[in-house]
1. What's the exposure ranking of ILE98, ILE36, going from fewest to most Cβ atoms within 10 Å?
2. Using 19 Å as the cut-off for backbone N distance, which residues of segment 47-79 belong to the label zone defined by a point 7 Å from the Cα of SER35 along Cα→Cβ?
3. Any chance you could run the full-extension gain for GLU145 through PHE196? It's 0.36 nm times the residue separation minus the Cα-Cα distance, nm to one decimal.
4. Summing Lys, Arg as +1 and Asp, Glu as -1, what charge do residues with Cβ under 15 Å from the Cβ of ASP176 carry, ASP176 excluded?
5. Can you give the calculated 222 nm mean residue ellipticity of the chain, where each DSSP H run of n ≥ 4 adds -39,500 (n - 2.57) and the sum is split over every residue, rounded to the nearest 500 deg cm²/dmol?
6. Would you list ILE188, ILE112 from fewest to most Cβ contacts within 10 Å?
7. Checking understanding here: applying a Kyte-Doolittle mean of at least -1.0 and a length along the axis of at least 24 Å (C-alpha), which whole DSSP H helices in the chain pass?
8. Among (i) 18.0, 57; (ii) 19.3, 61; (iii) 23.2, 73, only one was calculated for this model; which label is it, if the read-out is Rg and Dmax of the Cα atoms in Å?
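Rule-based calculations on the coordinates, nothing more; no lab input. Not measured: the values here are computed from a predicted model. We place every Cβ from the backbone using ideal geometry, glycine too, and count neighbours over all the protein chains shown.
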Amino acid sequence: MEQPNKNVARGEATRAQLVAIATRMFADRGYEDTSIEGVLREAGVSRGSLYHHFPSKEALFEAVAEDVETSVGAQTVAAADGITEPVAALRAGFLAWIRLAGDPVVRRILLIDAPSVLGWERWRAMEERHALGLIRLVLQAVAQEGRLRPELVGTLAHVLLASVNEVALLVARSDDKEASMEAGADAIDEMLRRLFG
């Protein structure tokens, strides 16, 4: 009985190690310049072990992107923790995402490589799984307060996600991250103020 549990635990540890090493390498070198051989060397595991968990380099990258996206989601939710007013919570989450866009790991993996490696549709689906649902929940609360027509919640959630992602891309590509984050924060404040008063 203990042996299968040890094998499962060892497999999970190997998978986590591969994702951690690949995250660092993809962030440092980009998808194109990161090789499976390099990941294997650094991880000290066999090719068979890697392919047991990830059938391709793209599958490994997708696991890395999903892991980074999950971390970003947790940090944006944490930024709004304890804020009860829906628009203020939305603002806090958006500003956290813009700050995170300046992080080299987030910038390279999620904003630069993910759209081209995964393709726009899969990248967008990942974004929607992580961010869109949260935005929709907050907008439903705004609608319940009478500050938004309920039938607009779904569409406006897409509009806001697209807008904040564009600001994140501006920050990610900017040479002056601080100035870009400040301008992005001002633009988001203005947008939310005009939408919700």
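1. Values: ILE98 26, ILE36 15.
Ordered from fewest to most neighbouring Cβ atoms within 10 Å, ILE98, ILE36 come out as ILE36, ILE98.
2. So the set is 47-51, 56-61.
3. Numbers: separation 51, 0.36 × 51 = 18.36 nm, distance 1.08 nm.
Gain on extension, GLU145 to PHE196, equals 17.3 nm.
4. On the way: positive: ARG99, ARG107, ARG173, LYS177; negative: ASP175, GLU178, GLU182, ASP186.
Summing Lys and Arg as +1 and Asp and Glu as -1 gives 0.
5. -24500 deg cm²/dmol
6. Placing the least packed residue first, the sequence is ILE112, ILE188.
7. Result, helices passing both filters: 2-29, 57-79, 153-173, 177-196.
8. (ii)
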